[in-house]
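Structure first, commentary second.
Read-outs: derived from the displayed coordinates by stated rules, not from any lab. Predicted, not measured: the structure shown is a model, and the values here were computed from it. Here the Cβ positions follow ideal geometry from the backbone for every residue, glycine too, while neighbour counts run over all protein chains shown.
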Amino acid sequence: MKFRPSLDWLLIFVPIAMVLRFWPGGISPTALFVCSAIGIIPVAGWIGRATEALAARVGEGLGGLLNATFGNAAELIIAGIALSKGLTGVVKASITGSIIGNVLLVLGLSMLLGGTKYKEQKFNRTGARTSTISLSLAAIALIIPTVFHLTASTSPSGWTPLMEQKLSLAIAVVLFLTYFCVLWFSLRTHKHYFQSAEGALEEAGEHWSRAKAIAILIIATTFVAALSEFLVGTIESVRASFGITEVFVGVIVVAIVGNAAEHSTAIIMAMKNKMDLSVGIAIGSSLQIALFVAPVLVFLSYAFGRPMDLEFSLPEVFAVTASIYILFQISGDGETNWIEGIQLLSVYVILGVLFFFLPETHSPAH
Amino acid sequence: MKFRPSLDWLLIFVPIAMVLRFWPGGISPTALFVCSAIGIIPVAGWIGRATEALAARVGEGLGGLLNATFGNAAELIIAGIALSKGLTGVVKASITGSIIGNVLLVLGLSMLLGGTKYKEQKFNRTGARTSTISLSLAAIALIIPTVFHLTASTSPSGWTPLMEQKLSLAIAVVLFLTYFCVLWFSLRTHKHYFQSAEGALEEAGEHWSRAKAIAILIIATTFVAALSEFLVGTIESVRASFGITEVFVGVIVVAIVGNAAEHSTAIIMAMKNKMDLSVGIAIGSSLQIALFVAPVLVFLSYAFGRPMDLEFSLPEVFAVTASIYILFQISGDGETNWIEGIQLLSVYVILGVLFFFLPETHSPAH
Amino acid sequence: MKFRPSLDWLLIFVPIAMVLRFWPGGISPTALFVCSAIGIIPVAGWIGRATEALAARVGEGLGGLLNATFGNAAELIIAGIALSKGLTGVVKASITGSIIGNVLLVLGLSMLLGGTKYKEQKFNRTGARTSTISLSLAAIALIIPTVFHLTASTSPSGWTPLMEQKLSLAIAVVLFLTYFCVLWFSLRTHKHYFQSAEGALEEAGEHWSRAKAIAILIIATTFVAALSEFLVGTIESVRASFGITEVFVGVIVVAIVGNAAEHSTAIIMAMKNKMDLSVGIAIGSSLQIALFVAPVLVFLSYAFGRPMDLEFSLPEVFAVTASIYILFQISGDGETNWIEGIQLLSVYVILGVLFFFLPETHSPAH
């Protein structure tokens, strides 16, 4: 659902990452980490274009569903691979990071850079409203396992991790169902709430045949998966070399890489005074992460035989809640200016500082 | 202040409950619990009609006060009886449940069902605003004893339950006084903020004589009290048979029963496109619980010689805060649609799941 | 940036405080505390007038900066002296108290007293919006050290107070930089958002020469410093005599004294139906405390060689968050009435009760 600036020259990092990975004896894991991270960005862009092209061919309803599902494919693949290796801390951190990254970093940069060119920029607040409320609902849902844990762990009548998993599964199901209601609302019953963004996007897609789109989709997805494999595989040694925590890597680094394509598009749209698109991309992407990617990862974790709960650490819960709250305040009037960008970025920096200083905690509140 | 659909056929459960209760040897406590619960619903409806009829006879000011005071009579009676038996956990849970039930379940169903018939429904947001702010104030007040407890319990200089009771009493007094200010505001100085709802309701009341209204009020209240006695008396064995917790019974079951009359009215009004009334009933009822019923129960607890504090458990505090927050977001624009109903109901389901899985904790944070 | 009613007759307390302080043998510390507190109020008024007069002479940009910097001079001096004596608990409590005092007490009294004369009062909500968002950002920033502490203290890999100080320092820097962005926004790029308040204030300043203004500024500042010294020096014995806690003294007493001049101006403006000014003063003053005074106090603490972190106690964090949240709700529609005043004051009273009952805790969560 997005058109993007060309980041294709970054594709050069894909073969470099391959060489680094398969060089006999292995070279620097840090170099591999960096090259894989950068390589994912343009390939994720190709997934996006192929999805849009395919969506344009299959008709509106199914197309919207496709866009909604593959919109965060890169994010989902990286997290899925981390999940398969049992790195649930990284998975949860990347969910947190994707939400706050979209809401604070992407939207903040868009409003700041757009605001330096235009005194005031407008966007359709009706659509933003509905999406923001869905995000608040997601924030409430993601706080609940933490509230449960804090309360249950002091209960005299005992408590088991199994109950926590069941609770998380139930929450994942509710979020997943809500997501499809939200899609139905935005693609069918109340399309006009989201119209101005829709209109501008329609023109932008590639005109590929269905077969070509599917082929590109498969190839690009394969590459993202391979690069994600390298990325996730080197997190541990990068973490150790730089003395940063797993959570910091997940919240800041992985999240930025997984969402880089959306990031650049949103910012460029803001600078073209299409704030509607910027806001739509940033909020829409957060929404997908919270209501679609997070539940799917929970379901996947059962397929991998290592059930993941949705209990986030206190700083993660706080970061998500604070971001969504400030988004609600800023998006309320349908207007943006540069100081709102500064306000969002300030919150991002402060949260980044928090995660930077936070000592390693292997399981959130255990 | 409400007109209601006929639930009178449910009155059949009143004699059934009587028989079950006084049958020699006693029968199933679960059957008694269910029949009492269902029986309360239509009788509570009669209290409502008698109150309105009486209010119409005594003039506007006193009438408004009467409506405001007896509007949650069923809720107050059930909680009062639980209080007299020392079941403070159930009392607090039913306060929590009434607030979230009105805000999430009633309003959610109204918006969803109304929204399936009408694309967009409007309500007077000025009145809703003031009431929502009062609810936020109540949420802040109800968090404070928990904050106090968490902080005081780690204090080196000691802390006594007596201080907690005094704190709760002071808060109850402030809420109680604020309630009368809010009434004065809505019935006297700023009536026009709430007008459209008022107008539509005026026509609806029964035309009973003052004596008839008082007689019906007394009889209905007596029956609600008796049925509440049965209901509360069987909570313990129902709890044990079904393996659910006291808090779950209080938050979900008791709260739905105590507010069923308002529930059905609000939903029917929404389906008649009188969203103003639906919103007024749901928010107004929560407000009465938070600013009037909760303080009165604290005062009553002193009369019973077993002082109750207002310290709620963390999940209860969270549930109330989250509900009121999402209500604030949804009521901000004076318009509703079906997805807003889904959003409120999703939060209700998620909170219900939380309370379902939560192990028994006899005193919240002790 | 404010014009004030005459509180000059209170100047009589300045010599009385001097006499009490230097009387051989010393008299009652309580009397000295009270007289110093009252004496600060009119002298702080003179700092304000001198600042405005000076600001009028040095041109708009620098003048705005001057007003912004000296607007909370009394507050800063009192806290600075408490800091130099190592009373970080009092310093933090007075930051908390100044924020909630401005938002709840000042604005609450303004809306209530203004609302008894005028049914509805209007203010420019665009400016209030931006400022409220900045306050939310500050609230998020001030919660972070507490979140860090709660999480880090359970970390297996250890945690040091030094990390907490670094975190607080980083947050202070971000807030400080944000403050200058906010000033640039309100004084330069988006002046018109704040215009109506600006206009009305322009006429009000004194017409003093630059030299006279500077002289008065220096003299008044010296007196405030001396009186603050007395005030802070007697806190301990007042605390002991009355059995109240350090935190209560800081949050309620010191905060009211430090902000009394703004308080009276804001209320008088409200009663003259200049609600724009009232809101501007109350929100602006909170903003200065949160984004300017708090960071400066952190920087000062390093100069004094006793680094202060920004970790507030749970009740303080809660009080600030709740106040800013309710402010956001109330200021959203650009209109005020008396019930909104009652709502703000109710929250203030409830928080006051909380701080009154709270037992002494020397370090917040240690």
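Listing for the model above:
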{"read-out": "Relative contact order of the range A:217-306, pairs being alpha-carbon contacts under 8 Å that are 6 or more residues apart, as %", "value": "13 percent"}
{"read-out": "Sorted by Cβ density within 10 Å, fewest first, the residues C:Leu167, A:Leu231", "value": "C:Leu167, A:Leu231"}
{"read-out": "Inter-copy spacing of C:Leu162 label points, which lie 7 Å from Cα along Cα→Cβ, given in nm from shortest upward", "value": "4.7, 4.7"}
{"read-out": "Set of lysines with alpha-carbon distance to B:Lys212 below 21 Å, sequence-local pairs under 8 removed", "value": "B:Lys2"}
{"read-out": "Identity and axial distance of the chain B residue whose Cβ lies nearest the axis relating B to A, Å", "value": "B:Gly332, 4"}
{"read-out": "Axial C-alpha extent at least 30 Å, average Kyte-Doolittle at least -1.0 - helices from chain B (DSSP)", "value": "B:29-57, B:125-152, B:161-184, B:210-242"}
{"read-out": "Sorted by Cβ density within 10 Å, fewest first, the residues B:Val147, A:Val90", "value": "B:Val147, A:Val90"}
{"read-out": "Dipole magnitude of the protein assembly as shown about its Cα centre (Cβ charges: Lys, Arg +1; Asp, Glu -1), debye to nearest 20", "value": "980 debye"}
{"read-out": "Shielding by partners - mean other protein chain Cβ count within 10 Å, residues of C:168-181", "value": "3"}
{"read-out": "Per-copy distances of the C:Thr116 label point, shortest first, in nm (7 angstrom along Cα→Cβ)", "value": "5.2, 5.2"}
{"read-out": "P(r) weight above 57 Å for the protein assembly as shown, C-alpha pairs, percent", "value": "16 percent"}
{"read-out": "Candidates A:Asn72, A:Asn273, A:Asn259: whichever shows maximal mean-square fluctuation once chain A is modelled as a Gaussian network with Cα springs under 10 Å", "value": "A:Asn273"}
{"read-out": "Top of C:Pro161, C:Pro42, C:Pro15 by mean-square fluctuation, Gaussian network on chain C, Cα under 10 Å", "value": "C:Pro161"}
{"read-out": "Orientation-averaged projected area, Cα convex hull of the range B:37-170 (nm²)", "value": "12.1 nm²"}
{"read-out": "Between the range C:119-198 and the range B:48-89, the alpha-carbon center distance in angstrom", "value": "45 Å"}
{"read-out": "Footprinting exposure proxy for C:Met308, B:Met163 (fewest neighbouring C-beta atoms within 10 Å first)", "value": "B:Met163, C:Met308"}
{"read-out": "Along each principal axis, Cα extent of the range A:96-240, largest first, Å", "value": "61, 39, 36"}
{"read-out": "Chain B, helix-only ellipticity at 222 nm - DSSP H runs n ≥ 4, -39,500 (n - 2.57), divided by all residues, nearest 500", "value": "-23500 deg cm²/dmol"}
{"read-out": "Among the listed pairs B:Lys191/C:Lys117; A:Lys119/C:Lys119; A:Lys272/B:Lys122; B:Lys122/C:Lys191; B:Lys191/B:Lys274, those beyond 24 Å (Cα-Cα)", "value": "A:Lys119/C:Lys119; A:Lys272/B:Lys122; B:Lys122/C:Lys191"}
{"read-out": "Per-q log10 I(q)/I(0), the range B:183-314, q = 0.16, 0.17, 0.21 Å⁻¹ (Debye; single scatterer per alpha-carbon; no solvent)", "value": "-1.20, -1.30, -1.44"}
{"read-out": "Distant alpha-carbon pairs in chain C (separation over 40 angstrom), percent", "value": "10 percent"}
{"read-out": "Debye intensity ratio I(q)/I(0), log10, the range B:1-112, q values 0.18, 0.20, 0.22 Å⁻¹ (C-alpha model)", "value": "-1.14, -1.26, -1.31"}
{"read-out": "Across the identical copies, how the C:Glu206 labels are spaced - nm, sorted shortest first, 7 Å along Cα→Cβ", "value": "7.2, 7.2"}
{"read-out": "Additional length obtainable on full extension of the chain from C:Glu236 to C:Thr30, 0.36 nm per residue less Cα span", "value": "73.2 nm"}
{"read-out": "Residues C:Ser153 and A:Leu62, FRET efficiency given R0 of 30 Å [Cβ-Cβ distance, rounded to 0.05]", "value": "0.05"}
{"read-out": "Percentage, to the nearest whole number, of Cα pairs in the range A:93-179 over 20 Å apart", "value": "54 percent"}
{"read-out": "Rel. contact order, % - alpha carbon contacts under 8 angstrom, at least six apart, chain B", "value": "39 percent"}
